[in-house]
Amino acid sequence: MRRLFSSYLNYRSVFNSRKTRKDVKDMAKQVFIDSAADYLGQEVVINGWLYNKTHKGKLAFLMIRDGTGIIQAVVFSGNVSEELFEQCIHLPQESALRVTGVLKEDKRAKGGCELQVDTLEIIHIAEEYPITPKEHGTDFLMDHRHLWLRSSRQHAIMKIRHQIIKACRDYFDGLGFTLIDAPIFTPSVCEGTTTLFETDYFESKAYLTQSGQLYMEAAAMAFGKVYCFGPTFRAEKSKTRRHLTEFWMIEPEMAYCDLSQDMDLAEGMIEYVVQQVLENRKDELETLERDTGRLEKIVRPFPRITYDEAVQILHEANAEFKDGDDFGGGDETIISDKFEKPVMVTHYPAQVKAFYMKTDPAKPDRALCVDMLAPEGYGEIIGGGQREDNLDILLTRIKEHNLPADAFKWYLDLRKYGSVPHAGFGLGIERTVAYICGLQHIRETIPFPRTIYRLYP
RNA sequence: UCCGGUGUAGCUCAACCGGCAGAGCGGGUGGCUGUUAACCACUAGGUUGUAGGUUCGAGUCCUACCACCGGAGCCA
């Protein structure tokens, strides 16, 4: 696949420069660094940026990155002009380079393979680069997020983020789900529990969505099994390592589905996602120094406990906790520390949950809901449950929560025309990335984080 | 919003009881054919977050403000 891609690029550049067939034969092959080992002994071209450099006498060592990896290019002053060698020694970090040379195995090079440079074309000489290979503070790095993404650690996180999103989508697609996008502008509250971002919408107001769920319920009645994947906005002034004002959620919803089937789907998805990352992103997990032993244990079945059992754990740990409350971040850590795998907590008191949660017919003060708490203190990564499908009960709930009934007219229609038991959940992508990567803070899990104090870059 | 902490060179940080503003990295110049965050020598680089105050003297003490960090609440 990689070869196909690089030969495609080669074909394109040749095509664009109107080279003849003979010239093509003479030209060195353009390759990406992650496939360099396939071209040992061959003359190749690498397009990239200078990641780091050092020099010793007549040798210049250029660490070049191209987005797929990093390779050492060695320039010997005897092989190039004096002028070019001088330039190499003085090249600023992140200068853009096109390097041609022979790929050779060499134990002295990182990665065991290096490029012996024959010619080097300087595409752009960078200005003095602010991010050096030394340490920097988070605030400084976040101010330079657009450049920070080039560094190997951030690169690894984004590759794993990509893998997680791909795995989620593959999982649902493989089970016959249909992707149905939910709107970003909404006329009113979705859950009524959180603070929303308000925007001018011509002569009226609109709010940025805090969940696509209600729309997914409509879609599930049309397509059976659906999911949406999009950004979500919360205007809460949260200031913790687990919060962003803009984050991404993947939200499946299924018709003819109860709480236990919903939980089967959730644990199946997490198992698949974790195993996919372990299989395909070994190098990146190593870059992040993630303890993969803990991830390898993430296989079904996951523990399932009730809210009451979770409260019992808190009491045994002598945690300060009032029965009937929702769990705080510290409570979640105490509960999840009891288990090696993600734990699913069900049957919370109905009053701490959203209006659309179906209550347990056996215990009407409890909701048929589930929160999945990730191990190692990463907190809630999934929240979901069975939805209230009875029109009259739903109307009562809306009143109890002081929500505007007219705004929910369309939603109530779903309970008038073929209402069925249905359930779904929402997975917070960034918390999942933080957990799988083993990161201290959620802000590194998204390319350009938005927090209460950060809207730049 | 509340509680706690930090703010000194481009970056990361020192500066003891209030007494000459420092180092490493990065930048510049020079040296060396195997460096891995190289090394060696030399060199430039400062309104100590802002505004007041106390003092013979303030990076250091006091007041206010600003910015950021950590935590709480709220939540995925």
key: Euclidean distance of C-alpha centroids, segment A:160-181 and segment A:56-90, integer Å   = 43 Å
request  = Would you tell me the accessible area of residue A:331, worked out with a 1.4 angstrom probe on the heavy atoms of the protein chains, in Å² to the nearest 10?
outcome  = 20 Å²
remark   = Each label sits 7 Å from Cα toward the beta-carbon; between residue A:337 and residue A:79 the label points are separated, in nm, by 5.6 nm
Label-to-label distance, nm, for residues given as residue A:203 and residue A:352 (7 Å Cα→Cβ offset) = 4.5 nm
ask   = For segment A:413-457 and segment A:225-256, what is the separation of their Cα centres, given in Å?
value = 3 Å
request  = Could you tell me which of the pairs A:239/A:338; A:322/A:353; A:358/A:416; A:29/A:107 are separated by over 18 angstrom between their Cα atoms in the structure shown?
outcome  = A:239/A:338; A:29/A:107
ask   = Given the protein chains as shown and a 1.4 Å probe, how many square angstrom of residue A:322 are accessible, to the nearest 10?
value = 130 Å²
ask   = Using the beta-carbon distance between residue A:153 and residue A:409 and R0 = 35 Å, what value does 1/(1 + (r/R0)^6) give for FRET efficiency, to the nearest 0.05?
value = 0.10
Net charge, residue A:287 excluded, C-beta distance under 15 Å - Lys, Arg +1, Asp, Glu -1 = +2
message = Please compute the modelled spin-label separation between residue A:179 and residue A:108, points set 7 Å along Cα→Cβ, answer in nm with one decimal.
response = 4.9 nm
inquiry  = Roughly how far apart, in whole Å, are the Cα centres of segment A:310-341 and segment A:25-54?
reply    = 54 Å
inquiry  = On the principal axes of its Cα set, how long, how wide and how thick is chain A? Give whole Å, largest value first.
reply    = 85, 53, 42
query = Using the beta-carbon distance between residue A:121 and residue A:326 and R0 = 45 Å, what value does 1/(1 + (r/R0)^6) give for FRET efficiency, to the nearest 0.05?
reply = 0.15
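The values are calculated or read from the model by the stated rules, or taken from the named source; none is laboratory data. What you see is a predicted model, and the numbers here were worked out from it, not measured in a lab. Cβ: placed from backbone, ideal geometry, glycine included. Neighbour counts: every protein chain shown. The accessibility values were calculated without ligands, DNA or RNA, using every heavy atom of the protein model including side chains. Shrake-Rupley method; radii C 1.70, N 1.55, O 1.52, S 1.80 Å.
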